[in-house]
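Remarks on the structure that follows.
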Amino acid sequence: MGRFVRRLLHSLALLFGVSVVAFVLVDSAPGDFFDEMRLDPQISPSMVAALRKQYGMDRPLPAKYLAWVVSVARGEWGFSFAYNASASHILWPRLRNTLLLSGSATFLAWAIALPLGVLAGATRVRWIGSAVSLLTSCLIAIPELVLGILLLLFAVRTGYFPIGGMRSAALVNGHDSGVPWDVLRHLCLPGLCLIAGWLPLLVLHIRSAIQEILQAPFVNAARSYGIPRLRLLLVHVLPAAANPLISLFGLSLGMLISSSLLVEALFGWPGIGRLILESIQARDFFLVIDCTMLAAGGFILGNLTADLLLEVCDPRIRL
Amino acid sequence: MTSRKAVDPALLLIALSHGVILFAGFFAPYAADTQNRELSFAPPTALHFWDLQGHFHFRPFIYRSAALAGQPNTYREDRSRIFPVHFLVPGTDYRLLGLFRAHRHLFGVDEPARLLLAGSDFYGRDELSRLLFGGQISLFSGVFAAGISLVLGMLLGGLAGYHGRWVDDLVMRIAEVFLAVPWLYLLLSARALLPLHVEPHGVFLLLMAVLGLVGWARPARLVRGVVLSCRKQDFVLAARGFGASDVYLIRAHIFPQAASIAATQMALYVPQYILAEVTLSFFGLGVSEPAPSWGNMLAPLQDNFTLQFCWWLLSPAAALILVFLAYRKAFAHYAKAQFHL
């Protein structure tokens, strides 16, 4: 337990470090939201200065940092200049959308990769192994960005799927009955793109974990006892191979918030990833930091979860 | 040492693609920013060998594309005159390797026809020429940025591993912070360092600096591990016992091992950094027009019309996949070789 508390404190320190780095990086950027505002001839320089003072952006970095920490503690997460609202109002719906997209994609990717990886690791049929190798090396070679563009091309050419966004314009203000189906239709292509990104990584790791365990002496012993092959694989080999897979699972949990950035931006999915791109372009100071912090926080939390799971599952770790 | 049998096809492909792109000025028929407004979104020019009379020509020729009146972006071939493709023709001036002034191009056709082997973009600029010149920015920002972050990582990681104690703690804690932020988010918040609109001249260097800055942590951690394990090896201890200096130890024993790892990592990082540049430029945060890069050449595809009708604008994507594949194979090759050592 003490070990875990230490890990928790370490994670918190890490989060603190990330927030400092994010603040320093974003703050040393030339120009801020109000500079872009100055391009508007109707807004006088004194007005810009007054606004900057009103929002506390004229203060030095440590003061801004403190104000942000207080605001996070109050659940506001800073202030968005572009939306003229406290950042939490913008962040949470976006976070929900991101989790909807990447959560379902990650779940499906695991659901496909686990049987595929086990099959590829355990099979003695040569063509299955080479087919899986071919699939993974093809998917690895295609960058997510390119795959996304190709999927968009498919959508545009065939019209089977909506081209972007999360809901059809007709349904946004209308009645709610068709919404889940509509969102699901919008989810398909970006989800597919994310699955294709995860699949090779997961399959390769699962395969190599299974292959490694299959060479262990205890497998031969179990086989000589006459344990049926499928039972051997599922009851004896898979749990023994779980250790690296749990770390991988923690990674995929941690990437839930951050993995979909590119896909969101490409498909116009209103999530955290698109938000950070928009915020950078608008110089929306706190939103950039909040998005970075959410992504890093998710990542750290995922690692922590993996550690905890490992400790529960693998007695060797507890020593 | 194991004897090198055959040249690895992946390495050959890497060398070939980088070589062609290095001499982009020679291989590209036009300059990257030569516009032909009357040939906006023209499809690739077809090469012909048989003319209308059915005569065979050894030298391929093309017909001039002409816009159909009243229909935007629709072209037909003007069959009244043939334009043979000439080789080693004089054309627009360019600088070979950025040094030598030259004006010979590998191939080209006489004016007023345009040889657009990969079609043209909105401004009627030759897509193939832009692909080659854009590759100069995309590939080399990838290579240089990977180099920067590897060198930075090796220095810091080597320092941490060799010095140990508080330096090790400090460097590794900072590395942990950098590793805790997912790659694209780190990239974007570091991109926020630069002004929103960067002029094309400075962007190349700045972008490389940013990319190199954000990626130092992983190689640092790796090199630190190597140095730590090196320091405990018997021959290093023996050398130290004989009174070898720190500099000698690093140069003769530790650096060679770290360098071979760095070479392997390079094959892993270069495509990642190429993709980073492409991603930034794609979203309008990297290299900006009129300078070409594979990222900002793909950017028009965010528009549905372009995506639907101008399939030839996908050529940077094809180039990207090719380069990726080559680097993947090279990495697998190196990693395997290292594993056996």
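Below is a table of values for the structure above.
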{"quantity": "Matching residues, the stretch A:217-230, being surrounded by fewer than 11 Cβ atoms within 10 Å (Cβ to Cβ) and part of a loop (DSSP other than H, G, I, E, B)", "calculated": "A:225, A:226, A:228"}
{"quantity": "Helices (runs of 4 or more DSSP H) contained in the stretch A:1-62 and holding at least 3 residues more than 12 Å from every other protein chain (Cβ to nearest Cβ) and at pLDDT 75 or above", "calculated": "A:2-27, A:45-54"}
{"quantity": "Unmet requirement for residue A:76, which otherwise passes all of (1) without any contact (Cβ under 8 Å) to a residue 24 or more places away in the chain; (2) under 23 Å from the mean Cα position of the chain (by Cα); (3) under 16 Å from residue A:206 (Cα atoms)", "calculated": "(3)"}
{"quantity": "Yes/no for residue A:195 being out of contact with any Cys (no Cβ under 7 Å at 6 or more places or on another chain) and either surrounded by fewer than 19 Cβ atoms within 10 Å (Cβ to Cβ) or not small (Gly, Ala, Ser) (or both)", "calculated": "yes"}
{"quantity": "Any hit, the stretch B:195-216, residues being charged (D, E, K, R) and either away from chain A (no Cβ under 14 Å) or surrounded by 22 or more Cβ atoms within 10 Å (Cβ to Cβ) (or both)", "calculated": "no"}
{"quantity": "Test set (1) β-branched (Val, Ile, Thr); (2) modelled with pLDDT under 90; (3) within 28 Å of residue A:271 (Cβ to Cβ) - residue A:123 fails condition number", "calculated": "(3)"}
{"quantity": "Helices (runs of 4 or more DSSP H) wholly inside the stretch A:231-312 that include at least 2 residues being within 26 Å of residue B:282 (Cα to Cα) and within 11 Å of chain B (Cβ to nearest Cβ)", "calculated": "A:261-267, A:272-282"}
{"quantity": "Long-range neighbours under 8 Å by Cβ, at least six apart or interchain, first residue farther than 16 Å from residue A:251 by Cα and more than 12 Å from every other protein chain (Cβ to nearest Cβ) within the stretch B:161-187, second of a type outside the set (Asp, Glu) and surrounded by fewer than 19 Cβ atoms within 10 Å (Cβ to Cβ)", "calculated": "B:161/B:225; B:161/B:228; B:161/B:231; B:162/B:231; B:162/B:250; B:167/B:159; B:171/B:159"}
{"quantity": "Members of the stretch A:25-58 that are β-branched (Val, Ile, Thr), in contact (Cβ under 8 Å) with a residue 24 or more places away in the chain and exposed (fewer than 14 other Cβ atoms within 10 Å of the Cβ)", "calculated": "none"}
{"quantity": "Members of the stretch A:213-257 found to be among the polar types (S, T, N, Q), modelled with pLDDT of 85 or more and under 28 Å from the mean Cα position of the chain (by Cα), listed by number", "calculated": "A:247, A:252"}
{"quantity": "Selection count where residues are surrounded by 16 or more Cβ atoms within 10 Å (Cβ to Cβ) and more than 12 Å from residue B:158 (Cα to Cα), scope the stretch B:228-243", "calculated": "2"}
{"quantity": "Residue check, residue B:113 touching a Pro at 6+ places or on another chain (Cβ under 6 Å), in contact (Cβ under 8 Å) with a residue 12 or more places away in the chain, surrounded by 12 or more Cβ atoms within 10 Å (Cβ to Cβ) and in a loop (DSSP other than H, G, I, E, B)", "calculated": "no"}
{"quantity": "Residue match in the stretch A:92-105 (condition: part of a helix (DSSP H, G or I), surrounded by fewer than 17 Cβ atoms within 10 Å (Cβ to Cβ) and among the β-branched types (Val, Ile, Thr))", "calculated": "no"}
{"quantity": "Top-ranked residue in the stretch A:147-168 [being away from chain B (no Cβ under 12 Å) and small (Gly, Ala, Ser); ranked as farthest from the chain's Cα centre (by Cα)]", "calculated": "A:168"}
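The values are calculated or read from the model by the stated rules, or taken from the named source; none is laboratory data. Worth saying up front: this structure is predicted, and the values here are computed from it rather than measured. Neighbour counts run over all protein chains shown; Cβ positions are idealised from the backbone, glycine included.
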